[in-house]
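J.: Sharing a structure below in structure tokens format, with a few things to ask.
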Amino acid sequence: MNMTSLPGSDAVQAHMPETAISPENRISITAARNWPSRVKAEFSDIFGAAHLWRLVWTLSVLDIQQRYRGSILGPFWLTLSTGVMIGAMGVIYAGLFHENVHTYLPFLSLSLVLWNLMSALTAEGSTCFLTSEPMIRAMRMPLSMHAARVVVRNFLVFAHNIIVIVVVFAIMHTMPGRYSFMIIPGFALWIVDAFAISLLLGVFCARFRDIPPIVASIMQIAFFVTPIIWSPAVLAHRGIAIVLITWNPFAALLEIIRGPILGTPIQLMPWLVALGYSSILIIAAGAIFSIARPRIAYWV
Amino acid sequence: MSSITMSDVSVSFPLYHSESRSLKKAVLAAASGRLGKDEKRRVVVEALRNVSFSLQTGDRLGFVGSNGAGKTTLLRTLAGIYEPVDGRISINGKVTALLDPGQGMNAELTGRENIRLRGLFDRLSANQISQLEEDVAAFAELDQFLDLPVRTYSSGMVVRLGFGLATAIKPQILLMDEWLMAGDANFMDKAKQRLETMVQGAEILVLSSHAPNIILQWCNRVIWMDKGRVKMDSTPQEVLSSYLSPEQFAEANDLMAIRSLAIPI
């Protein structure tokens, strides 16, 4: 690619240099009226975003750097504040729930760090298109890139918080369970879900501006009804456990990662529930994004 | 061979006021069976209506028209930012759109970071990105400001950075809005050469301007937009002679003659 245009070149129309056109510069935009063309455009959008992975990565890293520009600890403020919160909550709630601190703290640290990831993903996913408005209106780019940016950024923040979990496990002399390898498919599902929820909420929030507060309050309620600060064992053998634990999508998603690390044998039920809810989410996000994608530039 | 084909393209903007932005209102409307009516009564601005034209390598197209005639929307549609509600657009070639001075830059990031992001967007290698950085930095003359957030820049610096960035990567199709011609005299002198090289290097140029002499100077075809429709599509002389008043047209021609004497292009 010719990078710099040298001044003074007397290019005349007749001697126009004919540069080859790469496939990504061949664009055909048709007003989509049927599902096959909508879904095709949606997939090319998502593949386009995947091709721009370096840009997505850099944007995410810059987002985090920008938040902590000028602070000494930088992103490790996140780690520190999570650590302080878990330390304080761990001691208080272990007393309140009459739990053994040595089993409760590892549980709480895992739950809270995972929950923070989940709630940040929904909150920032909601505004993924709104906050990228200048970029969206300046040039054509795959729109799903903005959802991918939210996912990468929040998983990077999560990576900082893993330190808290490691420290808590070390202090409490707890070893990760033997089935911990199950967190690999667990996180794979989390990443796909995170992308889907960002697309879905991002579209809704671009169109309807009162959605972000609704999402925030739903997540607030979910925090209390989901076994995050209270152990699922509290509700064992009680009817309400079916609603709050077994059929709660948040509980299932937490359990497929938390369970194996805490040494629970591999369970089928949380996986089935998590996969079930995820399929619904992915289908909904795919359908909504394919319809709304051409309109997002008008909405933001 | 670059080309652009627009067939029967229509673009309409939904006008969202505070009410239609609210989910509560939409749900209540649906519950009371008003949504259907609402759909049809939704206020939309028909920004473009059945616009068709095609361009090939060597074409230099200018848009003229009063404010609100759809020129900027048409440029955004050509850039693929707005997708049409009707019709079809095919674009073959690398497009650069100089639509607004901000160029989609993130004001919280430094100039250097914004340059890097643009390089990554164009999938340049690390080497090419540092080359891009040097080139843009030399043009924009930002010196130590290059490592400060863009929000601390003066508006002139933002224009220089945005312009330097957009003109550093040679496009096959160049779309320009009139803001480029609105820079201060100092900047214009400097930008002129760079822009002219780029305009000549581009296989297709699409330009929207209120300045008839710029249209006469750079374009070999002019489309007159009026209320979102193509009113006239012909040579610059022909379109401008009916678009402008006779005095304005004569003045533009004079200006053009003086310019071509002064600055050989």
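The values are calculated or read from the model by the stated rules, or taken from the named source; none is laboratory data. These numbers were taken from a predicted model, which means no experiment stands behind them. Here the Cβ is made from the backbone with ideal geometry for all residues, glycine too, and neighbour counts use every protein chain on show. What goes into the accessible areas is simple: the full protein's heavy atoms, side chains included, and nothing from ligands, DNA or RNA. Shrake-Rupley method; radii C 1.70, N 1.55, O 1.52, S 1.80 Å.
J.: How large is Rg over Rh for chain A, taking Rg from the Cα atoms and Rh as the Kirkwood inverse mean of 1/r across Cα pairs?
T.: The Rg/Rh ratio comes out at 1.06.
J.: Here is a follow-up. Which of rounded, prolate or oblate describes segment A:171-217 when judged by the alpha-carbon gyration tensor and an a/c cut-off of 1.5?
T.: oblate
J.: How many Å² of accessible surface get buried when A and B come together, counting both sides, probe radius 1.4 Å, rounded to the nearest 100?
T.: Counting both chains, the buried surface is close to 5700 Å².
J.: Also: Filter the trypsin sites (Lys or Arg not before Pro) in segment A:144-204 to those in DSSP coil with at most 14 other Cβ atoms within 10 Å of their Cβ, and list the result.
T.: Listed in order of number, the matching sites are A:Arg178.
J.: Another question, if that's okay. Per residue, what accessible area does segment A:18-129 have, given a 1.4 Å probe and all protein chains present, in Å²?
T.: Here the per-residue accessible area is 52 Å².
J.: Oh, and also: Residues of segment B:91-208: accessible area per residue at 1.4 Å, in Å²?
T.: On a per-residue basis, segment B:91-208 sits at 34 Å².
J.: I'd like the residues of segment A:140-159 whose 1.4 Å-probe accessible area shrinks by no less than 50 Å² going from the isolated chain to the full set of protein chains.
T.: Those are A:Arg140, which lose 50 Å² or more relative to the chain on its own.
J.: Here's something else I'd like to know. So what is the 222 nm mean residue ellipticity for chain B from helices alone, if each DSSP H run of at least 4 adds -39500 (n - 2.57) and you divide by all residues, rounding to the nearest 500 deg cm²/dmol?
T.: For chain B, the value works out to -13000 deg cm²/dmol.
J.: Which of the residue pairs B:Lys71/B:Lys231; B:Lys94/B:Lys231; B:Lys25/B:Lys71; A:Lys40/B:Lys170 have a Cα-Cα distance greater than 23 Å in the structure shown?
T.: Over 23 Å apart, Cα to Cα: B:Lys94/B:Lys231; B:Lys25/B:Lys71; A:Lys40/B:Lys170.
J.: Okay, next question. Can you bin segment A:92-165 into rounded, prolate or oblate? Criterion: square roots of the alpha carbon gyration tensor eigenvalues sorted a ≥ b ≥ c, rounded for a/c under 1.5, prolate for a/b above b/c, oblate for the rest.
T.: The shape class here is prolate.
J.: Please name the residues of segment A:280-296 whose accessible area, counted over protein heavy atoms with a 1.4 angstrom probe, falls by no less than 10 Å² between the chain alone and the full protein assembly.
T.: A:Arg293, A:Pro294, A:Arg295
J.: Let me ask something else about it. Which of rounded, prolate, oblate describes chain B, given a ≥ b ≥ c as roots of the alpha-carbon gyration tensor eigenvalues and a/c under 1.5 marking rounded, otherwise prolate only if a/b is larger than b/c?
T.: The shape class here is oblate.
J.: Name the residue from B:Gln131, B:Leu142, B:Phe121 whose Cα lies farthest towards the positive end of the charge dipole of segment B:78-149, charges +1 on Cβ of Lys and Arg and -1 on Cβ of Asp and Glu.
T.: Towards the positive end, the residue furthest out is B:Phe121.
J.: Among A:Ile261, B:Ser3, B:Trp224, which residue has its Cα furthest toward the positive end of the charge dipole of the protein assembly as shown, with +1 on Lys/Arg Cβ and -1 on Asp/Glu Cβ?
T.: Towards the positive end, the residue furthest out is A:Ile261.
J.: In a Gaussian network model over chain B where Cα atoms closer than 10 Å are linked, find which of B:Val44, B:Val150, B:Val230 has the largest mean-square fluctuation.
T.: Fluctuation is largest for B:Val44.
J.: Give me the percent of the accessible area of segment A:34-190 that comes from carbon and sulfur atoms, probe 1.4 Å, all protein chains in place.
T.: That share works out to 73 percent.
J.: Longest span of chain B, sites excluded, free of GluC sites (Glu not before Pro) in DSSP loop with at most 13 other C-beta atoms within 10 Å?
T.: Free of exposed loop sites, the longest segment is B:142-265.
J.: Going Cα to Cα from B:Lys24, which aspartates and glutamates come in below 12 Å? Please leave out same-chain ones fewer than 8 positions away.
T.: In chain and number order, the partners are A:Asp210.
J.: Note down the magnitude of the dipole of segment B:128-222 about its Cα centre, charges +1 on Lys and Arg C-beta and -1 on Asp and Glu C-beta and zero elsewhere, to the nearest 20 debye.
T.: The calculation lands at about 280 debye.
J.: Hey, any idea what % of segment B:113-213's accessible area is carbon plus sulfur with a 1.4 Å probe?
T.: Of all accessible area on segment B:113-213, carbon and sulfur atoms account for 49 percent.
J.: GNM on chain A, C-alpha springs below 10 Å: top fluctuator among A:Ala252, A:Ala170, A:Ala148?
T.: Its mean-square fluctuation being the largest, the pick is A:Ala170.
J.: Test of understanding: in a Gaussian network model of chain B with alpha carbons linked when under 10 Å, which of B:Val51, B:Val11, B:Val85 would top the mean-square fluctuation ranking?
T.: Highest fluctuation among the options: B:Val85.
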